[in-house]
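Remarks on the structure that follows.
The values are calculated or read from the model by the stated rules, or taken from the named source; none is laboratory data. Note that this is a predicted model, so its numbers are computed, not measured. Virtual Cβ from ideal backbone geometry, glycine too; neighbours counted across all protein chains shown. When the accessible area is computed, the model is the full protein with side chains, heavy atoms only, and any ligands, DNA or RNA have been set aside. Shrake-Rupley method; radii C 1.70, N 1.55, O 1.52, S 1.80 Å.
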Amino acid sequence: MEWLATHTSEASASNLIPMTHDSIAAGPLRLGGREVPLVGPVRIYSCGITPYDVTHLGHAATFVWVDTLTRALRHSGLEVLLTRNITDVDDVLTAAALRAGAPYDEFAAMQQYRFDRDMSDLHVRRPDFEPRAHQNIDAVIRLAEVLLSVGAAYERNGTVYFRGGEVPARNALSREVALAACARFGENPDDPQKEDALDVPVWRASAADDPSWPSPWGPGRPGWHAECTAMVLRTFGSSLDIHAGGADLAFPHHAYEAAQAEAATGVAPFARAWMHVGTVMVDGEKMAKSTGNLVLVSDLLEGHRAAALRLLLTDRPWAAPWEFTMAGLDIAEGQLDSLHAAAGRRGGSETAVAAISAALLDDLDVPRALGIALEEGGQAARLVARVLALD
Ligand SMILES: [Zn+2]
């Protein structure tokens, strides 16, 4: 009986401490200041790249933050399913391929390879699903058919338009601001075929030089927003938990994606939470090809550690725009050394470890987690280094 008593008490003791440092239930996720209760699997969709040019730091910031989100959720014991698409049917890609004298799909594959290499160098884990627009043409056609059948779309000369008149109000934007944003993203509000300037193509009739696929409305190609709508619906069904992307995608891209999905499925909200990652600026301007101020990941990694770059990208509120400087990257290198030195110390209390886990789920508060790690050292610092891929 004595043996049995001891054995039982040992067994129950081990049952009472099922949580390890790799799996700590640190409470519900807060994202964008709102609680997002999650049971799992957590369905996350991140708008991926249009593979027409090299990866710059502005893109990388979004993907490193999404990677940080998935790492924090997995650390808390949740199963995560991440989808990151590839927008390989797009007019900017077609134009870039034409300039390079290459077929658009071969051109896209080459850019994709470079992107994958950059992500791998930054220790960004591969997504669970990586749908490509050109492999989801049938899903876009089906989406267009459903939107037509419920009266949310109409067809004109081979193009199927989604009725977007209500989209600005759903996003607390005036019609004027929304139209200006649509024009900036090439939505052509002046297209005379549209019933409303805020309508957007779900399916577009293709000209001779454009990629095209057969459809019930003649040869054409998908509209930009519809590609992502269709890829989310195909991957996750009618809704998802967290939709991520750069802040500039909030409108019109994500707003129209959600409106199309909800019109087609009747399920709302399409996304339970949004993660719009803050824009990276250089000398006060958004980092963009058109501005000519691109900072390339591959260039930065020639003289700096990937972990230092990750630290620079994430040691800040994820939604806030910020200014990149080389001096900032040097400071991050120093901080990384401090973290590694702290990780080599003894100690780091259980309380500190739990506080770090809680900070990561509290709007991905990396600065707070890092502060605790540097102060406490030991296992607390090792935890931050491991979970945030800073080791
Ligand atoms: Zn998208």
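Listing for the model above:
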quantity: From the options Ala271, Ala288, Ala320, residue that is within 16 Å of the ligand (Cβ to nearest atom), within 20 Å of the chain's Cα centre (by Cα) and of a type in the set (A, V, I, L, M, F, W, C); calculated: Ala271
quantity: Evaluation of Val167 against (1) modelled with pLDDT under 95; (2) touching a helix residue (DSSP H, G or I) at 6+ places or on another chain (Cβ under 8 Å); (3) hydrophobic (A, V, I, L, M, F, W, C) (one fails), failing number; calculated: (1)
quantity: Residue check for Pro189: away from the ligand (no atom under 16 Å from the Cβ), open to solvent by less than 40 Å² (accessible area, probe 1.4 Å), under 21 Å from Gly48 (Cα atoms) and modelled with pLDDT under 95; calculated: no
quantity: Those residues of segment 108-164 which are open to solvent by 10 Å² or more (accessible area, probe 1.4 Å) and on the phi > 0 side of the Ramachandran plot, in sequence order; calculated: His123, Gly151, Asn157
quantity: Filter result for the condition that a residue is away from the ligand (no atom under 16 Å from the Cβ) and either more than 17 Å from the chain's Cα centre (by Cα) or within 20 Å of Ser212 (Cα to Cα) (or both), over Leu78, Leu73, Leu93, Leu69; calculated: Leu78
quantity: Within segment 107-125, considering residues that are at pLDDT 85 or above and aromatic (Phe, Trp, Tyr), the one nearest to the chain's Cα centre (by Cα); calculated: Phe115
quantity: Candidate set from segment 220-261 (those that are assigned to a strand (DSSP E or B) and more than 11 Å from the ligand (Cβ to nearest atom)); member that is nearest to Ala144 (Cα to Cα); calculated: Pro222
quantity: Qualifying residue in segment 272-288 (condition: open to solvent by less than 10 Å² (accessible area, probe 1.4 Å), more than 19 Å from Trp318 (Cβ to Cβ) and of a type outside the set (S, T, N, Q)); calculated: no
quantity: Hits in segment 246-271 - residues which are of a type in the set (Gly, Ala, Ser) and open to solvent by 60 Å² or more (accessible area, probe 1.4 Å); calculated: Gly266, Ala268
quantity: Condition met for Glu375 (within 25 Å of Met119 (Cβ to Cβ) and either open to solvent by 10 Å² or more (accessible area, probe 1.4 Å) or among the basic types (Lys, Arg) (or both)); calculated: no
quantity: Yes/no for Asp283 being more than 14 Å from the ligand (Cβ to nearest atom) and more than 18 Å from the chain's Cα centre (by Cα); calculated: yes
quantity: Residue among Thr94, Thr83 that is of a type in the set (Ser, Thr, Tyr), modelled with pLDDT under 95, surrounded by 15 or more Cβ atoms within 10 Å (Cβ to Cβ) and not in a loop (DSSP other than H, G, I, E, B); calculated: Thr94
quantity: First in segment 39-50 and within 9 Å of the ligand (Cβ to nearest atom), second anywhere and assigned to a loop (DSSP other than H, G, I, E, B) and open to solvent by less than 10 Å² (accessible area, probe 1.4 Å), Cβ under 9 Å, 6 or more apart; calculated: Tyr45/Asn85; Ser46/Asn85; Cys47/Asn85; Cys47/Thr87; Gly48/Asn85; Gly48/Thr87
quantity: First in segment 374-391 and closer than 13 Å to Ser357 by Cβ, second anywhere and of a type in the set (Phe, Trp, Tyr) and open to solvent by 10 Å² or more (accessible area, probe 1.4 Å), Cβ under 7 Å, 6 or more apart; calculated: none
quantity: Residue within segment 333-346 that is surrounded by 14 or more Cβ atoms within 10 Å (Cβ to Cβ), without any contact (Cβ under 8 Å) to a residue 40 or more places away in the chain and under 30 Å from Gly245 (Cα atoms) present; calculated: yes
